[in-house]
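Student: Attaching a single structure in structure tokens format; questions to follow.
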Amino acid sequence: MLADRKIPFSESKKEEWELLKQKAEGGIELMLEDSQRWFRATTEGDGIRITSAEKNVRPLMVREPPLIKFNEFKRVAEVYNDSFFGGIGDLSARLETHNSSPNMRYLFMLIYYLI
């Protein structure tokens, strides 16, 4: 599913970050493709807080709700397109980002649905 949307990111990624924060401001629930479970993203200060869904019947249990900041978003945004539209050589960059960003799967869904 995610492989059908290539995102034209700005160089700084700031515009996209601000757009995500704006769209998550009142809270938005999205489904993770790998688990078919729902999570909630809400703007909190300069970040986006991830919690368990409140409205959807299959909520993901988020025991320690992470607060995603711009630097983590930027790392994930830099490999987003290459993860789906690059070649086999791009897997190392995705693996490195996955290891440094425990919230990568949430960010992939936020990027896919909100940008």
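Student: Just by accessible area at a 1.4 angstrom probe, what is the order of PHE85, PHE108 from largest to smallest?
Tutor: So the residues, ranked largest to smallest area, are PHE85, PHE108.
Student: Another question, then. Quick one: pull the percent of accessible area on segment 24-83 belonging to carbon and sulfur, 1.4 Å probe, ligands and nucleic acids left out.
Tutor: Of the solvent-accessible surface of segment 24-83, carbon and sulfur hold 44 percent.
Student: Calculated from DSSP H runs of 4 or more alone, at -39500 (n - 2.57) each and per residue, what is the 222 nm mean residue ellipticity of the chain, nearest 500?
Tutor: Rounded to the nearest 500, the figure is -13000 deg cm²/dmol.
Student: Taking +1 at the Cβ of each Lys and Arg and -1 at the Cβ of each Asp and Glu, which of PRO8, GLY47, TYR80 sits farthest along the dipole of the chain towards its positive end, judged by Cα position relative to the Cα centre?
Tutor: Towards the positive end, the residue furthest out is GLY47.
Student: Cα atoms only: what Rg and Dmax, in Å, come out for segment 10-50?
Tutor: Calculated on Cα positions, Rg and Dmax stand at 11.5, 32 Å.
Student: Taking the Cα centre as origin and putting +1 on Lys and Arg beta-carbons and -1 on Asp and Glu beta-carbons, what dipole magnitude results for the chain, to the nearest 20 debye?
Tutor: Charge dipole, the chain, about its Cα centre: 280 debye, nearest 20.
Student: Express the accessible area of segment 1-51 per residue in Å², computed with a 1.4 Å probe while the remaining protein chains stay in the model.
Tutor: Value for segment 1-51: 56 Å² per residue.
Student: By the scheme Lys and Arg +1, Asp and Glu -1, what is the net charge of all other residues having a beta-carbon under 12 Å from that of PRO65?
Tutor: After counting each charged neighbour, the total is +1.
Student: Using modelled backbone amide H atoms (1.01 Å from N, in-plane), which distant-in-sequence or interchain residues come within less than 5 Å of SER52's amide H?
Tutor: Here ARG40, VAL62 satisfy the definition.
Student: Counting other C-beta atoms within 10 Å, and keeping those with at most 13, which DSSP coil GluC sites (Glu not before Pro) do you find in segment 1-33?
Tutor: Answer by residue number: GLU11, GLU25, GLU33.
Student: While we're looking at this one, here's another question. Provide the packing ranking of 4-10, 47-53, i.e. peptides ordered by the mean count of other C-beta atoms within 10 Å per residue, highest first.
Tutor: Descending mean neighbour count gives 47-53, 4-10.
The values are calculated or read from the model by the stated rules, or taken from the named source; none is laboratory data. Computed from a prediction, not measured in an experiment: that's the story for all the values here. Cβ: placed from backbone, ideal geometry, glycine included. Neighbour counts: every protein chain shown. Just so you know, the surface numbers come from the protein's heavy atoms only, side chains and all, with ligands and any DNA or RNA stripped out. Shrake-Rupley method; radii C 1.70, N 1.55, O 1.52, S 1.80 Å.
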